[in-house]
Amino acid sequence: MSIRGVKPIDEENKFSIDEIIVSKTDLKGRVTYANDVFCRLSEMKTCDIIGQPHSIIRHPDMPRVVFKLLWDTIQAGDEIFAYVKNMSKTGRYYWVLAHVTPSYDKNGQLEGYHSNRRAPSPKAVKLISALYANLLDEENKQANSRNGLEASVALFDDILDEQGTTYSEFIWSIRK
């Protein structure tokens with residue numbers, strides 16, 4: 001799900017390197033908290049965001065393989081850092097370096113997920129944009145979304161294997 005009927009436009013919503021976007025979700029990815037920076041960049045009010053799937057801000061330039069990796073990682077109880085291109089209510093985009101972690105209640109039971117996001121470096125955006133475009137192109141070449149995701153996962157694995165790195169190592173290698 002994304003913002004219905006909104007077409008992406010090539011205008012960036014920027015935020016300061018000193019700002020942090022914060023959101024929390026339940027186990028199904030529905031937003032339970034969004035800070036003012038999140039609201040400003042997504043160009044939505046808190047009341048418009050709470051209860052919505054976090055994917056409401058998903059930009060169509062994002063390959064599904066990145067979200068599969070993210071969900072697989074956090075559902076396994078691990079944290080992940082990922083570059084994500086989001087889309088605002090008006091179609092503008094904004095890039096983030098997201099840190100997503102599982103959240104636990106006082107009894108140690110998983111209750112949702114927490115994400116802090118910062119502005120990425122221009123170098124990282126340039127590198128990750130090219131990679132994501134290749135992954136998305138691979139997804140779109142396939143006959144259906146399932147085959148597209150499988151092909152994108154295979155391509156991503158091959159790229160990381162060729163570089164002799166893991167996803168996490170790759171993310172940290174391009175952050176500056």
Next on the checklist: Strictly over 18 Å apart at the Cα level, which of 7/126; 28/89; 126/176 would you flag in this model?
Outcome noted: 7/126; 28/89
Next on the checklist: Can you give me the C-alpha center-to-center distance between segment 1-66 and segment 86-102, rounded to a whole angstrom?
Outcome noted: 5
Checklist entry - So what's the gap between the Cα centers of segment 155-170 and segment 122-144, to the nearest angstrom? => result 14
Checklist entry - Given that compact globular proteins tend to follow 2.2 N^0.38 Å, what is the ratio of the alpha-carbon Rg of the chain to that value? => result 1.01
Next on the checklist: If the elastic network links every pair of Cα atoms under 10 Å, which of 112, 51, 91 fluctuates the most in the Gaussian network model of the chain?
Outcome noted: 51
Next on the checklist: Rg/Rh for segment 47-147 to two decimals, with Rh computed the Kirkwood way over all alpha-carbon pairs.
Outcome noted: 0.99
Checklist outcome for this item: Highest GNM mean-square fluctuation among 72, 48, 105, for the chain with Cα springs under 10 Å, belongs to 105
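Let's see if you can work this out: charge +1 on each Lys and Arg Cβ, -1 on each Asp and Glu Cβ, no other charges. What is the dipole magnitude of segment 21-173 about its Cα centre, in debye to the nearest 20? Could you put the intermediate results ahead of the total?
Values: 18 positive and 19 negative charges, 161 e Å.
Dipole magnitude for segment 21-173 comes out near 780 debye.
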Checklist outcome for this item: Dipole check, the chain, charges on Cβ (K,R +1; D,E -1), about Cα centroid: among 17, 144, 165 the Cα furthest to the positive pole belongs to 17
Checklist entry - About the Cα centre of segment 60-137, what is the dipole size in debye to 20, counting +1 per Lys and Arg Cβ and -1 per Asp and Glu Cβ, all else neutral? => result 440
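Values quoted throughout were computed directly from the atomic coordinates according to the rules given, and no laboratory measurement underlies them. Just so we're clear, the structure is a prediction, and the values are computed from it rather than from any experiment. For neighbour counting, all protein chains shown are included, and Cβ atoms are generated from backbone atoms with ideal geometry for every residue, glycine included.
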